[in-house]
Amino acid sequence: MILKIDPALIKIIGDIKRHISAEAMVVEADEIAAGRTVIDEPVAVMKTWLKVASAFDEERDDEELIFLWKNGECVCRGIKKDFGAHRVRFLTGKTTLLVARRQCGAFAPIRKLLLDHGVTAEEFLELGPSIFPWMYGVLTILRRRSDDGATHVLVGLRKARIDDRFVEIVGFPGGLVHPDEGLEEAASRHVREDCGIKIERVKTGFAIDENTNSCRTLFVCLSEIDNRPAVTNSFEWKNGRMLWIPENALLSAIDGETDAMSDAFKRAGMNLKKDVTVTPFATEPARLLLTRAFPA
């Protein structure tokens, strides 16, 4: 799909991005002056939005090829093998964390501008990576089965680091993808860094929440672990560690009922806020993967 945008709108978009970036740099300068550590590091970005790849598409070095779960089914299923779509692809690039963060504030006004001028929400997602440095990350849901057949998943309570939006939110191991790093490679690295567990591979495919409200996409995957591996401490998590909680407790929390999850944290010596939530953009992918794509 090729969208033609009024040149006048393109100029306005550029003005918005420059203004927002300038404001963000002033904030950074104030943070540095106050002694706060402002971290900048290379990060991968999506150069194109996800699209279903043709069996005849030539593979490229600067792209990611994945299976994507959506509405309970892998998008490649039910398609004639020789002629239809068989995977999802997007081109990748690189930037730095601060360059990308400086433009995050421009997302909402630019989205409103384009939607007010006839661009649909779906078309905006197609355009997004060509407008912003569109960061992407991966979260991994680790599932283990106990001897009695009950399933547990690994979660933690986020501490402050750079992005204060996710403080005190229940989350999964994961983070941003590095340049020239595949999604499965990034998933394995983050699980190792966040909780000291080595995973060989993820279950086939990733899921995303397409109702994004920022220039960032989170890919969520599922990996099943044998037995009960040791979990190491990490500064990313409150009390330095993640917890195995019953899978049903997590699913109930996603539906808004957090009592069972709160009880699991209390037994580990941690109290959750009454209005605690699971990581935004991961709730629907988690529900899809745990209950429809790979039910226990």
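Any read-out appearing in this document is the output of simple, stated calculations on the displayed coordinates, not a laboratory observation. None of the values given here were measured: they were computed from a predicted structure. Methodologically, a virtual Cβ is constructed for each residue, glycine included, from the backbone with ideal geometry; neighbour enumeration extends over all protein chains shown.
Can you pick out the pairs among Lys198/Lys238; Lys238/Lys273; Lys70/Lys238; Lys238/Lys266; Lys17/Lys94; Lys159/Lys203 whose Cα atoms lie more than 24 Å from each other? Don't skip to the end; give the middle numbers.
On the way: Lys198/Lys238 21 Å; Lys238/Lys273 13 Å; Lys70/Lys238 32 Å; Lys238/Lys266 13 Å; Lys17/Lys94 18 Å; Lys159/Lys203 28 Å.
Check vs 24 Å cut-off fails for Lys70/Lys238; Lys159/Lys203.
How large is the helix-only mean residue ellipticity at 222 nm for the chain, computed as the sum of -39500 (n - 2.57) over DSSP H runs with n ≥ 4, divided by its residue count, in deg cm²/dmol to the nearest 500?
Values: 8 runs with 88 residues, N = 296.
Helix contribution divided over all residues of the chain: -9000 deg cm²/dmol.
Assign one of three labels to the range 162-296, namely rounded, prolate or oblate, based on the Cα gyration tensor with a ≥ b ≥ c the square roots of its eigenvalues; rounded applies when a/c is under 1.5, prolate when it is not and a/b is larger than b/c, and oblate otherwise. It would help to have the intermediate numbers written out before the result.
On the way: a/c = 1.29, a/b = 1.20, b/c = 1.08.
Rounded.
Calculated from the structure, Cα extents along the principal axes in Å equals which of [x] 64, 44, 42; [y] 78, 39, 32; [z] 63, 60, 33?
[z]
Output the peptides 230-243, 196-209, 109-122 sorted from most to least packed, where packing is the average of other Cβ atoms within 10 Å over each peptide's residues. Before the final figure, lay out the partial values.
On the way: 230-243: 16.1, 196-209: 17.9, 109-122: 14.4.
Taking the mean over residues of other Cβ atoms within 10 Å, the ranking is 196-209, 230-243, 109-122.
So, with +1 on the Cβ of K and R and -1 on the Cβ of D and E, and no other charges, what is the size of the charge dipole of the range 7-131 about its Cα centre, to the nearest 20 debye? Write down the numbers at each step before the final one.
Values: 18 positive and 20 negative charges, 56 e Å.
My answer is approximately 260 debye.
What is the dipole size for the chain, taken about its Cα centre, with +1 at each Lys and Arg Cβ and -1 at each Asp and Glu Cβ, in debye to the nearest 20? Intermediate results must be reported in sequence, preceding the final value.
Working: 41 positive and 45 negative charges, 70 e Å.
In debye, rounded to 20, the chain gives about 340.
Could you work out how far apart the two model spin labels at Asp255 and Ala150 are, taking each label as a point 7 Å from the Cα in the direction of the beta carbon, and quote it in nm?
1.8 nm
When only Cα pairs under 8 Å and 6 or more residues apart are kept, what is the percent relative contact order across the chain?
Numbers: 522 pairs, mean separation 57.1, N = 296.
Relative contact order for the chain comes out at 19 percent.
Applying the Karplus parametrisation 6.51 cos²θ - 1.76 cosθ + 1.60 with θ = phi - 60° to the phi angles of the range 33-46, what ³J(HN,Hα) value in whole Hz is obtained for each residue in order, glycine and proline being reported as x?
Those phi angles translate into 5, 7, x, 7, 6, 9, 8, 10, 7, x, 9, 7, 9, 7 Hz.
Please report, in whole Å³, the volume per residue of the convex hull around the C-alpha atoms of the range 7-131. Kindly include the intermediate steps, with their values, before the conclusion.
Numbers: hull volume 18.4 nm³, N = 125.
Given the Cα convex hull of the range 7-131, per-residue volume reads 148 Å³.
Express in nm, to one decimal, how much length is gained between Thr96 and His19 on full extension, taking 0.36 nm for each residue of separation and deducting their alpha carbon distance.
Value of the extension gain: 25.8 nm.
Taking the mean number of other Cβ atoms within 10 Å as a proxy for protection, how do you rank 62-75, 175-188, 29-42 from highest to lowest? Each step should come with its number before you reach the end.
On the way: 62-75: 16.4, 175-188: 18.9, 29-42: 10.1.
So the order, starting with the most tightly packed, is 175-188, 62-75, 29-42.
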